[in-house]
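Please treat every number below as a calculation from the coordinates, not as lab data. Not measured: the values here are computed from a predicted model. Every residue, glycine as well, gets a Cβ built from its backbone with ideal geometry; the counts of neighbours run over all protein chains shown.
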Amino acid sequence: MDDPRREQDRGPRVDPAALALLRDAYREAMLRGTASAAERVIAEAMDAGLSEALIGDEIIAPAMYDVGERWAAGELSVEDEHVASGITMRMISLQRDHFRVQHRRSSQRVLLAAVEGEEHVLGLEMAASVLLHAGYDVRMLGPDVATADIAAEVLRQRPAILGLTTTTPDSAERVAGAIAAARSAAPELAVMVGGGATHHLPATGPHTVVCPHVSDAVGLADALTQRSGLN
């Protein structure tokens, strides 16, 4: 009987056809000795939500078995086998780093809100999507959130990061008050502020960064959760 814990470690079930395509692409990368192609396959597998165990069992191991069989049959040289092994060791290291970061991010909550009077949340929704995809625990409060409600939610949800958005000079003026209220509930709270009106922001204090582009959100969140030079 299969161990259910083993199945859980392998992650969610995936389309066998899609898995076969990844397996074949990785095998081809090994046979050609092409590290960049191998990395693309592993990155695609991780982006698809495949677990480390599933990638190892169903993509990497079969390819390396095939390489070994071909070497034993004289179809590949010792150098070919060494190149394939070296690439795979790098892919294993890549996975290890990726899943370590994913695990750390999953324990970090990001609370997102548009400050009082701010109705535009498209950018905030986009930031929520990229942060969620990167592994963060994302909670969205939505548009026009009263300052007192932001503070209450910070106290209740205890996020690592509060993300605010502002697209008008009027709402930008309310950001400092929202941050102050939130930090009355959590003094060491990290804050990230985005939106088209960030150049109107007043002074916001330590542990606060401006996010100029949605694509910067994950990197800035990582830096904030590590408190990297942001005091």
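Observations
- Extended-chain gain in nm, criterion 0.36 nm per residue less alpha-carbon gap, residue 40 and residue 89: 16.1 nm
- Across the range 4-104, Cα pairs under 8 Å and at least six residues apart give a relative contact order of 33 percent.
- Farthest positive-ward along the range 167-231 dipole, Cα basis, beta-carbon charges - from 186, 223, 176: 186
- Basic side chains Lys and Arg get +1 at the Cβ, acidic Asp and Glu get -1 at the Cβ, and with that the dipole of the chain about its Cα centre reaches some 700 debye.
- Among 97, 47, 15: highest mean-square fluctuation, GNM of the chain, C-alpha pairs under 10 Å: 15
- Cβ crowding within 10 Å averaged over residues, with 159-170, 84-95 ranked highest first: 159-170, 84-95
- Rough spin-label spacing in nm, given labels placed 7 Å along Cα→Cβ, for residue 215 and residue 146: 4.0
- Among the GluC sites (Glu not before Pro) found in the range 28-79, those both in a DSSP coil and sparsely packed, with 14 or fewer other Cβ atoms within 10 Å of their Cβ, are 75.
- Among the listed values [x] 131; [y] 123; [z] 145, the one computed from these coordinates for volume of the Cα convex hull per residue in Å³ is [z].
- Cα-based shape type of the range 107-226, given that a ≥ b ≥ c are square roots of the gyration tensor eigenvalues and the cut on a/c is 1.5: rounded
- Loop sites in the range 129-214: GluC sites (Glu not before Pro), DSSP, at most 16 other Cβ within 10 Å: 188
- Dipole in debye (nearest 20) - the range 90-203, about Cα centre, beta carbon charges: Lys, Arg +1; Asp, Glu -1: 860
- Trypsin sites (Lys or Arg not before Pro) within the range 110-215: DSSP coil, no more than 12 neighbouring Cβ in 10 Å: none
- Residues residue 125 and residue 203, FRET efficiency given R0 of 22 Å [Cβ-Cβ distance, rounded to 0.05]: 0.20
- FRET E, pair residue 180, residue 137, Förster distance 35 Å, beta-carbon r, rounded to 0.05: 0.90
- Förster radius 45 Å - calculated FRET efficiency between residue 109 and residue 82 (Cβ-Cβ, nearest 0.05): 0.50
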